[in-house]
Structures are given as C-alpha cells and as structure tokens.
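Visitor: Structure incoming, see below.
The values are calculated or read from the model by the stated rules, or taken from the named source; none is laboratory data. All figures in this text were calculated on a predicted structure; none of them were measured in a lab. Cβ coordinates were reconstructed from backbone atoms using ideal geometry, including for glycine residues, and neighbour counts include every protein chain displayed. Note: areas computed on protein heavy atoms with side chains; ligands, DNA, RNA excluded. Shrake-Rupley method; radii C 1.70, N 1.55, O 1.52, S 1.80 Å.
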Amino acid sequence: MATHYNNFYEFGSAKEDPARNAGRLRTRPWSVVVDGECEAPGRIDVDELLKPQALEERIYRHRCVEAWSMVAPWIGLPLSDLLKRFKPTSKAKYVAFTTLYDPKQMPETARGVLSWPYREGLRIDEAMHPLAFLSVGLYGRVLPNQDGAPLRLTLPWKYGFRPCREFRGTMLRSSGEGSASGGLLCKMTANKTYNVLFLCTGNSARSILAESLLNHWGQGKFRAFSAGSFPKGQVHPLALDLLKRMNLPAEGFRSKSRDEFAAPGAPPIDFIFTVCDNAAGEVCPFWPGKPMTAHWGIADPAAVEGTDADKAFAFRKALKELETRIKLFTSLPIDSLDGMTLQAKLRAIGNPAPEPV
C-alpha cells in the first residue's frame, strides 16, 4: 500500500498515478539548500548530507480520515540530526520546506491543483521532536520515487495528508509568515474569508437554504456556495419563499452541478458539507486544496407529501436544523484550532446529541 497508494500531485491526483508516472523523476544529482536563521547556511549534495549519518529503521503506524491505515518501515534519520548540522540560532521558530518544481519532469504541476512549488512548515519544536523523521528508504530499499525520493519528511502525528517530499530547500524562519503546514494538524490562516460548499443531490432545497443561512450568519468571515451531484435545474419555490419571509438572502440562486467547483478557476474551497445522505455516499470529484469535509444530514423537505401546511412545515424544520448547525459552525474559533480538533468538531455538529425523552 505504501508504494502504490500515494498522494503526490506533481504526478497525478489519483492514488495510483504516482506509481505509474514518477519513474521519470531524476533523483541524482540532488542538492539541498538550508538557509535563514542558522549559523552555517549552505547548499549540500544529498549524498554528502547523508554520509556522516547513521541510518536507522523505524516502524510508524499511519491512519487517515479516508478510512485507511498502514504500518510502514521507514529508513532514515531524525530530522533534528540534520538541522543541528546547520546550527539554528535562537531566532529560528519555524522550519519551512520547499519541494522541487520542474514541469518537465512533473507535468501535472501545470494543472494548478496546488501552488507550486509545494511548501510545508513545522514549528522548531516539532522539527526537533525525536519522532520527526527524514526518510531515505522504505522496506529495506532506497525510497521509491512515488514515495518522495530522495528525501521526505515522515511525521507520525500528521494523519491523512502528504508530508513534504523530494524537498530541495529548507529555511529556518523567525516567523511563520510564508510557511505552510499541510495536513490535519495545520492551523487555518487568521483573518481570511473561508469558502464553504454545501452539497446535496438536486441543489434545489436543503443546500440552497444552507448557502443563504451561512452568507447571512457568516458576517463576512464565510462565503457560502451550493451545488448538486444531479442538479434539478431550478430552485424549489418553497425554499425561496421561506427565505424571503425570514428576511434571508434569496436572490441569485440557481441549481448547478458540483463539477463547477472542481474546475479550473473555481474559488478554492475550505470546507465541504453534505446535507443529504445520497450526496454523502457518492464518489466526489477531486477537490483542489483538500478541503475539510463533514456530513450534516437533513431530511429532504421537498420529498414531503400532504397538504401545503405539511410541506411548509417541512421546509421550516429543515431551515431551523440547518440554522442551528451553521450557528455552531460560525461560533468555532477556527483560527486557533488545530486541524484534528476542528475536524472532530465539524463532524460533531452533524451528529447532535439526541433530545432527552
């Protein structure tokens, strides 16, 4: 699994693409530049870098929110051993890593899935932690290209995302500006507007209500969108009527495909919430940027049969349930939560405690 189920977007966004396409990557000659807040900055060939180091094998257990887990025997050295060679100063608070950017060897970089070259960051205490590992081999062999040859970070506390691999530059920084920490332990960037996409099957009722509610309660910190896997082509008139009567945004809505938000030029999405069970179980397109996701299932008011009063009540009930969840979401201290905690809170919002009998 470790060698054929990879996130390595420079060689394709499907898990199997890196093993098929990364053979073209030339890993020699290879040099690493270390500069910034250190007493001995410089460029060094990777083989010279590794010569004085005693390599060791470590067995790390990894798990992912995508419902897979694996046990992998990595070969390498503690990252702290490498960094100490360059004598970080007391001003060094962060370590920023930058990967190779070579469109000729990595044609998928032309798709703009991520900002290239890829950058990732660690706090200096994370980088110096004994479990932070610099891997150069796997399963007793030289690290395969699809696994990040010739150098990659291996961090057991970063679940489900890609630690920086095949990196060429390391900078010791006095501030976190300009560095990016990928994966579920990153903190979201403060003072930004978060883009949120609500998904359902038809994009005619529940997701429309959610889009309107978040744009109302988000107060500029959130920008909401909605889409469907099989859009009906028109917004349900009872949804629009209810929004108007509740003095919520009710203009400019249209029933549209989720594919619009996976296409080039689409706004980058930070969060995706499915509001119907069908959408939650469907295979989704590749979402650039790896947004956080959660399922907030709501009964479909458009499926209710009976009197006009019955149908109106169903829409009001759906609106109320969505409003409760969206208010909880907007009250979260997103800028200060680590990714794992935030992910857990997002899922908890979609699984409210049952009301006492």
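Visitor: Looking at Phe161, is it at pLDDT 55 or above and either open to solvent by less than 20 Å² (accessible area, probe 1.4 Å) or among the aromatic types (Phe, Trp, Tyr) (or both)?
Guide: no
Visitor: Still on this model: Filter region 11-62 down to the residues that are within 13 Å of Arg85 (Cα to Cα), surrounded by fewer than 15 Cβ atoms within 10 Å (Cβ to Cβ) and not aliphatic (A, V, I, L, M) and list them by number.
Guide: Asp35, Glu39, Gly42, Arg43, Glu48, Lys51, Pro52 - these are the residues of region 11-62 that are within 13 Å of Arg85 (Cα to Cα), surrounded by fewer than 15 Cβ atoms within 10 Å (Cβ to Cβ) and not aliphatic (A, V, I, L, M).
Visitor: Does region 118-141 hold any residues that are open to solvent by less than 40 Å² (accessible area, probe 1.4 Å) and of a type in the set (Gly, Ala, Ser), and which are they?
Guide: Gly121, Ala127, Ala132, Ser135, Gly137
Visitor: Quick one: which of Arg325, Arg347 is surrounded by 14 or more Cβ atoms within 10 Å (Cβ to Cβ) and either at pLDDT 95 or above or touching a Gly at 6+ places or on another chain (Cβ under 6 Å) (or both)?
Guide: Arg325
Visitor: Please note which strands (runs of 3 or more DSSP E) are completely contained in region 56-135 and include at least 2 residues that are closer than 23 Å to Ser31 by Cβ.
Guide: Once the strands (runs of 3 or more DSSP E) in region 56-135 are filtered for at least 2 residues that are closer than 23 Å to Ser31 by Cβ, what remains is 69-78, 94-99, 119-123.
Visitor: Considering only residues that are open to solvent by less than 50 Å² (accessible area, probe 1.4 Å) and not aromatic (Phe, Trp, Tyr), which ones fall in region 83-107?
Guide: Correct list: Leu83, Pro88, Thr89, Ala92, Val95, Ala96, Thr98, Thr99, Leu100, Asp102, Gln105, Met106.
Visitor: Taking Ala180, is it modelled with pLDDT of 85 or more and within 23 Å of the chain's Cα centre (by Cα)?
Guide: For Ala180, the condition - modelled with pLDDT of 85 or more and within 23 Å of the chain's Cα centre (by Cα) - is not met.
Visitor: While we're on this one: Looking at (1) at pLDDT 95 or above; (2) closer than 22 Å to Val196 by Cβ; (3) of a type in the set (A, V, I, L, M, F, W, C), can you tell me which one Val283 breaks?
Guide: (1)
Visitor: Tell me yes or no: at least one residue of region 256-264 is assigned to a loop (DSSP other than H, G, I, E, B) and more than 17 Å from Ser204 (Cα to Cα).
Guide: Checked against the condition, which is being assigned to a loop (DSSP other than H, G, I, E, B) and more than 17 Å from Ser204 (Cα to Cα), region 256-264 yields at least one hit.
Visitor: Now for a different question. Can you name the residue in region 329-351 that is without any contact (Cβ under 8 Å) to a residue 24 or more places away in the chain and not β-branched (Val, Ile, Thr) and, of all such residues, is nearest to Trp296 (Cα to Cα)?
Guide: Ranking the candidates gives Asn351 first.
Visitor: Restricting the search to region 289-311, which residues are out of contact with any strand residue (DSSP E or B) (no Cβ under 6 Å at 6 or more places or on another chain) and open to solvent by less than 30 Å² (accessible area, probe 1.4 Å)?
Guide: Gly297, Ile298, Pro301
Visitor: Okay, moving on. Would you call Lys232 closer than 30 Å to Thr307 by Cα, open to solvent by 80 Å² or more (accessible area, probe 1.4 Å) and in a helix (DSSP H, G or I)?
Guide: No; evaluated as a whole, the condition is false for this residue.
Visitor: While we're here: Quick one: what pairs do we get from region 64-80, first residue farther than 24 Å from Gln53 by Cβ, second modelled with pLDDT under 90 and among the hydrophobic types (A, V, I, L, M, F, W, C), C-beta under 8 Å, 6+ apart or different chains?
Guide: Close Cβ pairs (under 8 Å, with a partner that is modelled with pLDDT under 90 and among the hydrophobic types (A, V, I, L, M, F, W, C)) amount to Val65/Leu184; Trp68/Met1; Met70/Met1; Met70/Ala2.
Visitor: For region 136-153, which positions are in contact with a helix residue (DSSP H, G or I) (Cβ under 9 Å, 6 or more places away or on another chain) and part of a strand (DSSP E or B)?
Guide: Val136, Leu138, Leu153
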